[in-house]
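The values are calculated or read from the model by the stated rules, or taken from the named source; none is laboratory data. No experiment lies behind these values; they were computed from the predicted model shown. Here the Cβ positions follow ideal geometry from the backbone for every residue, glycine too, while neighbour counts run over all protein chains shown. In case anyone asks, the SASA skips ligands and DNA or RNA and just uses the protein heavy atoms, side chains included. Shrake-Rupley method; radii C 1.70, N 1.55, O 1.52, S 1.80 Å.
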Amino acid sequence: MKKTLLILITLFISSVSFSQKSYTISGTIKSATNGEELIGATIYNEEAAIGTSANVYGFYSLTLPEGTYQIRYRYIGFEDLIKTVTLNENQQINVELAETANEIGEVQVTGERNDANVKKVEMSIAKMDAKQIKKIPALLGEADVIKSVQLLPGVSSVGEGSTGFNVRGGGIDQNLVILDEAPVFNSSHLLGFFSVFNPDAVKSVTLIKGGIPAEYGGRLSSILDVRMNEGNSKEFEGSGGVGLIFSRFSLQGPIKKDKASFLIAGRRSYIDVLAKPFLNDDLKDSRFYFYDLTAKVNWQLNDKNRLYLSGFFGRDVFGSGFFFDWGNATSTLRWNHIFNDKLFMNLSAYYSNYDYKLGVADQDNAEDDFQWNSNIVNYSAKPDFTYYLNNKNTLKFGGQSIYYVFKPADATFLSAGEGGNLSLPEKYAIENGIYIQNEQKIGSRLTLQYGIRLSHFAQLGQGEARFYRDTTPGVRRPLDRIEEYGSNEVISSYINPEPRFSVNYSLDEVSSIKGSYNRMAQYLHLISNTVASTPVDIWLPTNNNIKPQLVDQVAIGYFRNLKKNTYETSAEIFYKDFQNQIDYIDNASIFFNEDLDADLLSGDGRAYGLEIYLKKVKGKYQGFISYTLSRSERKVNGLNRNDWYATRFDKTHILNIVNSYDLNKKWSFSGNFVFSTGTPTTFPTSRYQIQDAIIPHNSGESRNNYRIPAYHRLDFSATLNLNPEGKKKWDSELVFSLYNVYARKNPFSIFFQQNGDNPAITEAVRFSVIGSVVPGISYNFNF
């Protein structure tokens, strides 16, 4: 630890240089069309060969020696702006860039500089915007953020109808999914078929798989940073769509022109409304729908201060003689403050609540009833500072504090008039972190990013803590003692240093080699023993029995652009070493178990692989090919004869091909092909027969000893622009789609049953969530 700090301090001190008198240009870069900040816009002076880029709030700072310069402001998809600046004092220059005409053959899908993937120090990162997401074919023609992310290298899921996604051999709980900085604990609607993010409200999506900057913490495998549109500060505009499953509508506009704006976007499914006339008496009260509402306002108080307030509210509701619903609620308040031309601050405070409800209410019999509620609530404050030390060094530092309230189960039942309570006590915890990081340019070829995050987690009272004795691995641990703790009294605590390091060495103008190392600590655990994660899985904090999860990841990659940055290519290899990974004893009891900790096992994990990415970003034809060769394994004493075994989400090969072609201003076409190795599963290796009963048996006590068949699927979509010349104020389009074109019955799982005619015969049954082609049509509009 001391050596790490010494190295960081030495690098930072060596970065400070003294030169002739210099001055700083700073300001914000926005779109002249709607006032949105242009994330990653570049500011460059060719004579001095010095440049920088705008941060996620559109702020930039560039320091140059005294003199007169031509400053070029650039953002892909917008007209370049060149300003002549005479520097004899610090200046604040806010600029607005005009959009370029959207000519066929010159479409761009990212706002960053053409060679950003080669020149920037960041690696293992993918960025998408709403335009790119909407080009990708999806189920029933509905653009989807999470489904688009799953096509990127290193990303997978266990199958259709599963929530979340897996990144580089990590579990779905090891991804930090944030919407305007607030965590979203369940990112899926309709049990995984759609995501909770309304594409009409999304500004940008960034997935970070490795080389994770020090400002992020709390998860092991990835950061999915979803940022909402700020709202058009120039004029009112609306957009929406009508599909087979749901409809959506969004409206944005100025509250005070160029000063304040708002955005509101909503969606609701209507399968229940369409099906209601066809339901019989027993099902007439059935409910099955989802909805979400996204809202945001921002106010430019003055040149140095800006406030943002955003919120998300979404829910899924199912029920027919029972009720089952779940949902997320988040709200974020942010304050941007510019202290001076070099120091920028963003202060965020957020609230996040994920909850679910499950129950059975017999309306004909008031003596039978069951109700179960559970949730996880977060409150957080997070200051982040960026200090532009000079043109070769950008310093970031800050911290975060999160207070957690966990409600594992608030459950009651009534049977034949006799009641009972299955509730478990609430749990409390606090997580704190501080960080510092510097990005340093050394010469014209070498860029470093180095920093450290120090995290602290404490399990708090009020309540009892249960302690268990050690026993034979794989067997439930016996209870040793119970201790009572007062309100906010520390039951257990952990501190973890998390160093981060990335390097970029430019081989020439079009290629570079990058490397990274990061250590991450995670203090939350998703408790689930099902094939795929479900909305009723339980989130628990690290405590006196469960240690924090840790991972060390190293990655190295080669990046190269071809044909004047028309093609982007990369190849990365990675290795991840996991510690304190959660698994379960056989026949573990997950729900309503006050001794759940006694059923949990802790072990090690490893994941390693190769990711290849080829992307075409210019022209009528665009798209990408991603291929991943990887393994994800666990080793837990007491399981699989204490040997390594594949995780449930391990996929050796994953190939994704995504294409889009703009035929003309009226028609465009898209297509996907997806292939992946089948996921591991545990099958019995023998059986016992007692009279007519067949009892399966795993004689080797092996875990995940077989794989289900491979998954592959082909999708097509065609888009008809109903206003190709742009002469009408009302733009609209029809999207026609075919999902699973050749009707592949991809197995989600395989189970065994006895033959109905001959019980001595055991049959393997393949369960497919979607087994036929799914046509779709949707109508989208904006004005």
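Points worth noting:
- Scoring LYS651 on the criteria (1) in a loop (DSSP other than H, G, I, E, B); (2) at pLDDT below 95 leaves a single failure, condition (2).
- Scanning segment 28-49 for residues that are over 14 Å from GLN70 (Cα atoms), touching a Gly at 6+ places or on another chain (Cβ under 9 Å) and in a strand (DSSP E or B) turns up THR28, ILE29, LYS30, GLU37.
- Counting only strands (runs of 3 or more DSSP E) that fall entirely inside segment 393-486 and contain at least 1 residues that are acidic (Asp, Glu), the qualifying elements are 393-415, 418-421, 427-442, 463-468, 479-485.
- When each of SER493, SER512, SER487 is tested for being in the same structural domain as GLY603 (by TED's automatic domain parsing), crowded, with 22+ Cβ neighbours inside 10 Å, at negative phi and among the hydroxyl-bearing types (Ser, Thr, Tyr), the lone residue that passes is SER512.
- Per the listing GLU725, GLU733, the residue uniquely without any contact (Cβ under 8 Å) to a residue 60 or more places away in the chain, out of contact with any Cys (no Cβ under 8 Å at 6 or more places or on another chain) and either assigned by TED's automatic domain parsing to the domain that holds PHE193 or more than 23 Å from LYS147 (Cα to Cα) (or both) is GLU733.
- Residue satisfying all of: in segment 39-54; among the polar types (S, T, N, Q) and open to solvent by 30 Å² or more (accessible area, probe 1.4 Å); farthest from the chain's Cα centre (by Cα) among these: THR52
- Selection status of ALA607, touching a residue at least 60 places away in the same chain (Cβ under 8 Å), among the small types (Gly, Ala, Ser) and either more than 19 Å from MET123 (Cα to Cα) or not in a strand (DSSP E or B) (or both): no
- Contacts under 6 angstrom Cβ, first residue in segment 450-462 being within 18 Å of ASP384 (Cα to Cα), partner hydroxyl-bearing (Ser, Thr, Tyr), 6 or more apart: ARG453/TYR435
- Number of the condition not met by SER702 [criteria: (1) open to solvent by 30 Å² or more (accessible area, probe 1.4 Å); (2) in contact (Cβ under 8 Å) with a residue 12 or more places away in the chain; (3) over 25 Å from VAL149 (Cα atoms)]: (1)
- Hits in segment 52-90 (condition: part of a strand (DSSP E or B) and within 28 Å of LEU347 (Cβ to Cβ)): THR52, SER53, PHE59, TYR60, SER61, LEU62, THR63, TYR73
- Residues considered: GLU66, GLU99, GLU36. Of these, the only one that is open to solvent by less than 60 Å² (accessible area, probe 1.4 Å) and at pLDDT below 90 is GLU36.
- Within segment 533-573, the set of residues being aliphatic (A, V, I, L, M) and closer than 24 Å to LYS120 by Cβ comprises VAL551, VAL554, ALA555, ILE556, LEU562, ALA571, ILE573.
- One residue alone among GLY169, GLY159 is assigned to a loop (DSSP other than H, G, I, E, B), in contact (Cβ under 8 Å) with a residue 24 or more places away in the chain, assigned by TED's automatic domain parsing to the domain that holds LYS576 and buried (at least 24 other Cβ atoms within 10 Å of the Cβ), and that residue is GLY169.
- Unique match (being farther than 30 Å from PHE624 by Cα, over 21 Å from the mean Cα position of the chain (by Cα), in the same structural domain as PHE324 (by TED's automatic domain parsing) and open to solvent by less than 50 Å² (accessible area, probe 1.4 Å)) among ASN580, ASN565, ASN529: ASN580
- Check on ALA409, touching a Leu at 6+ places or on another chain (Cβ under 7 Å), more than 19 Å from GLN522 (Cα to Cα) and touching a residue at least 60 places away in the same chain (Cβ under 8 Å): yes
- Looking across segment 733-762 at every residue that is of a type in the set (D, E, K, R) and closer than 22 Å to GLU160 by Cα, the one that is surrounded by the fewest Cβ atoms within 10 Å (Cβ to Cβ) is identified as LYS745.
- Condition met for GLY210 (in the same structural domain as GLU572 (by TED's automatic domain parsing), touching a residue at least 60 places away in the same chain (Cβ under 8 Å) and open to solvent by 10 Å² or more (accessible area, probe 1.4 Å)): no
- Qualifying residue in segment 625-632 (condition: part of a loop (DSSP other than H, G, I, E, B), surrounded by fewer than 20 Cβ atoms within 10 Å (Cβ to Cβ) and of a type outside the set (Val, Ile, Thr)): no
- Residue in segment 364-378 that is touching a helix residue (DSSP H, G or I) at 6+ places or on another chain (Cβ under 8 Å), touching a residue at least 24 places away in the same chain (Cβ under 8 Å) and not basic (Lys, Arg) present: no
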